[in-house]
Amino acid sequence: MAAAPPAAPATGPLDVLIVSLGSTEGLRRADEELRDSLVRVGATVEIARALPPKPTRTLMLTDLAWARAARAAASRALAQQPSPPRAIVYSSTTAALLWPRPGAIRFDAPSAGNRPGHHGLWQRPLERRRLEQAPLLLPWSEGGLSEVPASVRRSGRALVLPVPVEPSGSPAPERDIAAITYAANPAKKGLDRVLAAWRGVRDELPADGPRELVVAGVSARDLAAAGFDLGTADGVNVVGALPSTDYRALLRRARVFVCAPRREDYGIAQLEALADGCMLVTTPAPGPYAALPIARALDARLVDADLGTALQLALADPLADYPGRALDGLARLTRDTIDELVADELLRLLLRGARLDDTA
C-alpha cells in the first residue's frame, strides 16, 4: 500500500490523538505506523510526542520521568485543540500512568510483566487501575494481552493490534555480513551471550566468506559504560544507533540475526530481520516474544539455549527456503492487513466508544 497521504486540515474535532512515549526506536516507529494506518483509512490524527527526560538511575524513577513527560505532551496537545479529540491513544502503559484524560492504551507488554519486584513497586498498582479505567486496550500481541489481569482480559475491551512489518527493499546482491544483532539495551538483549556465541563460532567460518558480527542500536561508548569492552573483539563492528533506512539496509546484507534476550516484550527487531531475509537465531525467552513461534516453525534448530551451536548451524547449514517461508509467516503483519483491522474494528471502537462484544 502507498505511503499515508498528508492529513487533511480538520474541519471538526480531531479523530485521534496519539500520545507517544517514544522512549525507544521501536515505540516511535510503532506510533508512526499507527498514525499512517489511521490516516490511510480516513481518520484525522496527530501525535503528541513526549520530550525525553534526563536519565535516572532506577527503573522506578525512569518510568516516573517518562510518565510526567507523556502527561505534559498530552496536556499541551489537548490545550492546542479547538475542541477535544474524539479519541486518545496512549502509547504504552507508562504513557497512561499520569494521563490528564482517559483514553485507549496501546502496549507491547505491561509493567506487571516487565517490571518485577522493586523495579515496578509503584507502577504496577497504578497501571492496573489505568487498565481497568481505559475504554479500550490495544496490545501488540496475544502474549502482551495475557500479562494483564484476568478481570481486564475478560472485560471485552481489548483488540490485539500488531505493528506492521514488511520488507524494507530488495535483498542485497550478496549477503556479506555473517550476523547482526540489535543491542539498544545490551543487558536485557543478552549481548554478553551473543558475543560469547560469536567468539566460539567465528574461527570456524570459511576464510573466504563473511566473518563479521555487526552490533547495532548502541554506541561503543555506551557499551563501555555498561561494562562491555569490545576493543579487542575479533570481527565485531559496532555501528551505533542508525536511521531506520540505514539499519534495514544492513539487515538486507546479513545472513543471520542473532539475539539472546533475557526477556522480550515483543521483538520488532527480530520481525524486521525476518522480513528482510535474515535467519533468526535466538534463545527462548520469557515475555510476549512474537517472533519466537515463527522462528521455531521456520527452523527449530536455530531456537536454542545453546546459542553458539544454533549460530553455527545457521551459518553452515542454512535451509534454502527459509526467507520465503519467513515472509509467509509474516503475512498477517502486512500494512494492508493491519489497515483492514484498523478500518473494520479499531475506528469503530475508538470513535463510537463501542465494546468488542457490541454487535450494533
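The values are calculated or read from the model by the stated rules, or taken from the named source; none is laboratory data. Predicted, not measured: the structure shown is a model, and the values here were computed from it. So basically every Cβ, Gly included, is an ideal-geometry build from the backbone, and we count neighbours across all protein chains shown.
A few remarks follow.
- Positions within the stretch 80-132 being surrounded by 15 or more Cβ atoms within 10 Å (Cβ to Cβ) and of a type in the set (S, T, N, Q), in sequence order: 91, 92, 93, 94, 111, 114, 123
- Scan of the stretch 162-181 for residues that are among the acidic types (Asp, Glu), modelled with pLDDT of 95 or more and over 24 Å from residue 289 (Cβ atoms), ordered by number: 176
- The numbered conditions (1) surrounded by 14 or more Cβ atoms within 10 Å (Cβ to Cβ); (2) under 28 Å from residue 286 (Cβ atoms) are all true for residue 244 except (1).
Residues checked against (1) within 29 Å of residue 207 (Cβ to Cβ); (2) outside any helix (DSSP H, G or I); (3) of a type in the set (A, V, I, L, M, F, W, C); (4) in contact with a strand residue (DSSP E or B) (Cβ under 8 Å, 6 or more places away or on another chain):
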| position | (1), (2), (3), (4) |
| --- | --- |
| 286 | no, yes, no, no |
| 308 | yes, no, no, no |
| 311 | yes, no, yes, yes |
| 315 | yes, no, yes, yes |
| 324 | no, no, no, no |
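- A search for C-beta distances below 8 Å between a residue of the stretch 284-310 that is free of Cβ contacts under 8 Å to residues at least 24 places away in the same chain and any residue that is in a loop (DSSP other than H, G, I, E, B) and among the β-branched types (Val, Ile, Thr), counting only pairs 6+ apart in sequence or on different chains, returns 303/283; 304/283; 305/283.
- Near pairs, Cβ below 8 angstrom, 6+ apart or cross-chain, from the stretch 328-349 (under 15 Å from residue 30 (Cα atoms)) to any residue that is at pLDDT below 95 and outside any helix (DSSP H, G or I): 335/1; 339/1
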